[in-house]
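The values are calculated or read from the model by the stated rules, or taken from the named source; none is laboratory data. Keep in mind that this is a model prediction, so the values were computed, not measured. Cβ coordinates were reconstructed from backbone atoms using ideal geometry, including for glycine residues, and neighbour counts include every protein chain displayed. What goes into the accessible areas is simple: the full protein's heavy atoms, side chains included, and nothing from ligands, DNA or RNA. Shrake-Rupley method; radii C 1.70, N 1.55, O 1.52, S 1.80 Å.
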Amino acid sequence: MARESEFLALDDKALRAVIGPNSRHVALIEDAFKVLIEAPGGGVSINGGTRDRANARQVIEGLAARVEKGAEVNEADVRAGIGAARTGVTGGGRRVDPMALPIGKRGAIVPKTDAQARYLDTLANHELTFGVGPAGTGKTFLAAAYGASLLRRGQVDRLVITRPAVEAGEKLGFLPGDLNEKVDPYLAPIWEALNDILGAEDVQRRRDKGEIEAAPIAFMRGRTLSHAFIIVDEAQNTSRLQMKMVLTRLGEGARMVVTGDPSQIDLLNPRDSGLAHALRILRDVKGVGVLEFAAQDVVRHAMVERIVRAYDADAAAGRPAPDLEDPVQ
């Protein structure tokens, strides 16, 4: 195939983002599509076959669009763009309301992948959303960002965060301190996300006022959560009874998102996982939305995607696994 060259004009800020630290970003694009990218000034020159140039151009235009929205561009964004180009996803077909998410400390928060865009769309259009899939897909971070945006705009009165206290056999009561000090270690990923989005001082102020609340699922029983955005994290470790209980806490004007990874169940009896059961019986219920992430949606580190794929391949091969019905003696 004949190799030709085309020029794509970029402003200085977009050009720096496309090139990346030590030319890392442009090297990833060149390696992915076997093209040569040069920056003669005012933009980039892409040399390669017709399809390869088109794929590289899609990635570069996507990165430039993120810069235009005020978002930070990092290596994960480049890899996400490469993955979208390879699968034929343009990323421009689904529009996300630019007011839907707040500006974080590192710039505007916008979806990195088509799956993330569909996730935000599902959150916006359903009272109950399930976001399930492997680690590193952004399902918890985006849920926290979306909830924070509703709270900041006054569309909900409070943000309620809950999850089962299941961690390598350690019981909540063995941890020192009051309830918040006991629960916070279990919710570290969400606190990190909220601190990044709202700022640590604002998060603490809202916690003191009761606008942001965290509690283990056991403390949800008997409550009605009205005008709230509820995040149920690590839901694969809820029992069926716990899942039914927490889902029925929804009150007037409330919305809920349930996140989890069905492949990382820590329960002694994995068959009792409330997440898998809820997905099976609620998928077609009116007002319920389900977004399932896959390995190609991982935006954390390239190694995470490779790890997830390796585990998926092992599971697909049907290799025998230890009997998890009973705890190992």
Between ASN22 and ARG86, what is the FRET efficiency for a Förster distance of 30 Å, r being their Cβ-Cβ separation, to the nearest 0.05? 0.80
Order 111-122, 4-15, 239-250 from most to least packed using the mean count of other Cβ atoms within 10 Å. 111-122, 239-250, 4-15
Spin-label zone in the range 253-276 - amide nitrogen under 20 Å from a point set 7 Å from the Cα of ALA294 along the C-beta vector: 260-264
In whole angstrom, how far apart do the alpha carbon centroids of the range 187-220 and the range 1-47 sit? 41
Return the distance in nm (one decimal) between the two label points of a simple spin-label model at HIS277 and ASP184, each offset 7 Å from Cα along Cα→Cβ. 3.4
Sparse-neighbourhood loop sites, GluC sites (Glu not before Pro) in the range 215-309 - DSSP loop, at most 12 other Cβ within 10 angstrom: GLU252
Take the solvent-accessible surface of the protein heavy atoms, probe 1.4 Å, and return the percent of it on the range 229-299 that carbon and sulfur atoms account for. 48
GLU127 to GLU201: FRET efficiency via 1/(1 + (r/R0)^6), r the Cβ-Cβ distance, R0 41 Å, to the nearest 0.05? 0.85
Report, as a whole number in µm² per second, the diffusion coefficient that Stokes-Einstein gives for the range 182-228 at 25 °C and 0.890 mPa s using the Kirkwood radius over alpha carbon pairs. 208
At R0 = 41 Å the Cβ-Cβ FRET efficiency linking LYS286 and ALA54, nearest 0.05, sits at 0.50
Distances longer than 19 Å among the Cα atoms of the range 211-306: what percent of all pairs is that? 47
In terms of the alpha carbon gyration tensor, root eigenvalues a ≥ b ≥ c, rounded if a/c is under 1.5 and otherwise prolate when a/b exceeds b/c or oblate, the range 1-91 is oblate
Please give the length that would be gained between GLN264 and GLU75 if that part of the chain were fully extended, namely 0.36 nm times their separation in residues minus their C-alpha to C-alpha distance (nm, one decimal). 65.4 nm
